[in-house]
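Contents: one structure, followed by commentary.
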Amino acid sequence: MPKITKLIPKSVRESLRSALRDLIFFGVLPATYLVGSRRALDQKRALFVEETKTEPSDNYTRMLEELKARGYTCAFRSLRHYDVGTLPYYVRCAKMVWEASTARLVFLCEASAPMSCVSLRPGTDVVQLWHACGAFKKFGMSTADKIFGDSRAEKKRHPYYENLSLVTVSSPEIVWAYVEAMDLGETPDVVKPVGVSRTDVFFDEGYLEAQRQLVATRVPQTAGKKVILYAPTFRGRIADAEGPDQLDVPLLKERLSDDYVLLIKHHPFVKKRPAIPEDCKDFAFDVSESLSIEAAMVASDVCVTDYSSLVFEYSLLDRPTAFFAYDLGDYDDWRGFYYDYDQMTPGPVCTTTEQLADYVEHLDTRFDLDEVRAFREKFMGACDGKATKRILDTVLGE
């Protein structure tokens, strides 16, 4: 028997959803925060918020460590957007803004409608650490004229980047892109090139060695082999994200398996991932669930991606990157880029697996380390292993 909601015309359902959203974001959440902010502000309390993940992500690891070392009490709230129903999500939002109303510091790493709809109390700072480095594919207000984005009017009506005290970015070069994407034209100075906290791990030799050992344990087939990491971004919208399936894994095995193994790390939004052919499971391994992207990057010798911002972090390792961009035109129409794709990418842009295999076979003559280092200096110049401390010193005025 069909759900009763299916019997209601689609236009009516959408109107009801819009009315409920307005009620929550214009009424319930602001009121909840206002009442909560009548309590005393806790000068040593920090709240970390995840929009989708159920545990604190790697975006927060070093910041949590630094705050605890400074004597802060740290709380975490997961909103589980896209994972729970509409009403449970709104309940989680209400609980989050209630907790935020007495926190000295609130940390975000994604767009946040609930933190944008309240009237922020004096004494609380909201820090947007963001979940990516550089400025690659467009997001936020930059997609208002793209298929991927909502209308400009809707983005203005329900903003995602209000109340921000500090937005941390990886270099001076890209400040403009975040001001545009987050619609911060009236407060551009909150975007500061103080570095990205999550990148500090790439300057920690103990961490790097631990990740290499972890990969060797979980994928023992990497022993005695070089590692190719294939880490594409998702296609479609977040709620129904799909992983690209055009990589010819059997061809890569035929051409490269004497020297390499392939680790495949799909975007976390992708729930149903393309299957690895049975006769390639001794060469290719899906590590989307078993390894963090940092571990996979550290253990790899060459990275293959498409439109993922991990290319910025990977440049910190001084290793080759190739770009498998078979649908570049469609993706540009769908979402778009902040810089000309072909000019900014520090490696070859391939449209076929054949081209990709040929590049990997000739890395010794085709890999241009100077190109990677120029890319790193331009887009990652503020990432030096000390970003976490610098971010806190900036927001606390120390």
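The values are calculated or read from the model by the stated rules, or taken from the named source; none is laboratory data. Keep in mind that what you see is a predicted model, and the values were worked out from it rather than measured. Reconstructed Cβ throughout: ideal geometry from the backbone, glycine too, with neighbour counts over all protein chains shown.
Looking at this structure, is residue 333 surrounded by fewer than 21 Cβ atoms within 10 Å (Cβ to Cβ), without any contact (Cβ under 8 Å) to a residue 24 or more places away in the chain and part of a helix (DSSP H, G or I)? When the stated conditions are applied, residue 333 does not pass them. Consider the stretch 136-162 and keep the residues that are within 28 Å of residue 313 (Cβ to Cβ) and either among the small types (Gly, Ala, Ser) or not assigned by TED's automatic domain parsing to the domain that holds residue 126 (or both). The one that is nearest to the chain's Cα centre (by Cα) is 140. Under the condition of being assigned to a strand (DSSP E or B) and under 17 Å from the mean Cα position of the chain (by Cα), the residues counted in the stretch 293-330 number 1. Candidates are the residues of the stretch 337-372 that are polar (S, T, N, Q), touching a residue at least 12 places away in the same chain (Cβ under 8 Å) and surrounded by fewer than 16 Cβ atoms within 10 Å (Cβ to Cβ); the one that is nearest to residue 306 (Cα to Cα) is 351.
Residue 337 meets the conditions (1) touching a strand residue (DSSP E or B) at 6+ places or on another chain (Cβ under 9 Å); (2) more than 30 Å from residue 140 (Cβ to Cβ) in every case but one. The failed one is (2).
Being of a type in the set (Phe, Trp, Tyr) and on the phi > 0 side of the Ramachandran plot is a condition met by at least one residue of the stretch 125-143.
Take the residues in the stretch 170-210 that are small (Gly, Ala, Ser) and in a loop (DSSP other than H, G, I, E, B), then tell me which one is nearest to residue 115 (Cα to Cα).
Of the stretch 170-210, the ones small (Gly, Ala, Ser) are 170-171, 177, 181, 185, 195, 197, 206, 210.
From the residues that got through so far, the ones that are in a loop (DSSP other than H, G, I, E, B) too are 170-171, 185, 195.
On the way: 170: 23, 171: 26, 185: 19, 195: 23 Å.
Ranking the qualifying residues of the stretch 170-210, first place goes to 185.
Is it true that residue 21 is farther than 14 Å from residue 96 by Cβ, touching a His at 6+ places or on another chain (Cβ under 8 Å) and either assigned by TED's automatic domain parsing to the domain that holds residue 126 or modelled with pLDDT under 90 (or both)? So residue 21 passes the test.
Confirm whether residue 142 is among the polar types (S, T, N, Q) and out of contact with any strand residue (DSSP E or B) (no Cβ under 6 Å at 6 or more places or on another chain).
Values: among the polar types (S, T, N, Q): yes; out of contact with any strand residue (DSSP E or B) (no Cβ under 6 Å at 6 or more places or on another chain): yes.
Yes; evaluated as a whole, the condition is true for this residue.
Taken across the stretch 216-232, residues that are outside the structural domain of residue 391 (by TED's automatic domain parsing), in contact with a Cys (Cβ under 6 Å, 6 or more places away or on another chain) and surrounded by 22 or more Cβ atoms within 10 Å (Cβ to Cβ) do occur, with at least one present.
In the stretch 195-208, the residues that are within 14 Å of residue 170 (Cβ to Cβ) reach residues that are small (Gly, Ala, Ser) and crowded, with 17+ Cβ neighbours inside 10 Å with C-beta atoms within less than 6 angstrom, at least six apart or across chains, in these pairs: 195/382; 195/387; 196/170; 196/387; 197/387; 200/387.
Residues in the stretch 72-92: is at least one in contact (Cβ under 8 Å) with a residue 40 or more places away in the chain and either assigned by TED's automatic domain parsing to the domain that holds residue 343 or crowded, with 22+ Cβ neighbours inside 10 Å (or both)? Checking the stretch 72-92: not a single residue is in contact (Cβ under 8 Å) with a residue 40 or more places away in the chain and either assigned by TED's automatic domain parsing to the domain that holds residue 343 or crowded, with 22+ Cβ neighbours inside 10 Å (or both).
Has the stretch 142-149 got at least one residue that is closer than 19 Å to residue 344 by Cβ, in contact with a helix residue (DSSP H, G or I) (Cβ under 7 Å, 6 or more places away or on another chain) and surrounded by 22 or more Cβ atoms within 10 Å (Cβ to Cβ)? The answer is yes; a qualifying residue exists.
Considering every residue within the stretch 9-24, establish whether at least one is out of contact with any Phe, Trp or Tyr (no Cβ under 8 Å at 6 or more places or on another chain) and assigned to a loop (DSSP other than H, G, I, E, B). The answer is yes; a qualifying residue exists. A residue that is part of a strand (DSSP E or B) and out of contact with any Lys or Arg (no Cβ under 8 Å at 6 or more places or on another chain) occurs nowhere in the stretch 115-122.
Among 314, 331, which is the only one that is hydroxyl-bearing (Ser, Thr, Tyr), in the same structural domain as residue 247 (by TED's automatic domain parsing) and farther than 19 Å from residue 198 by Cβ? Walk me through how you get there before you give the answer.
On the way: 314 fails: farther than 19 Å from residue 198 by Cβ.
None of the other options fit; the residue is 331.
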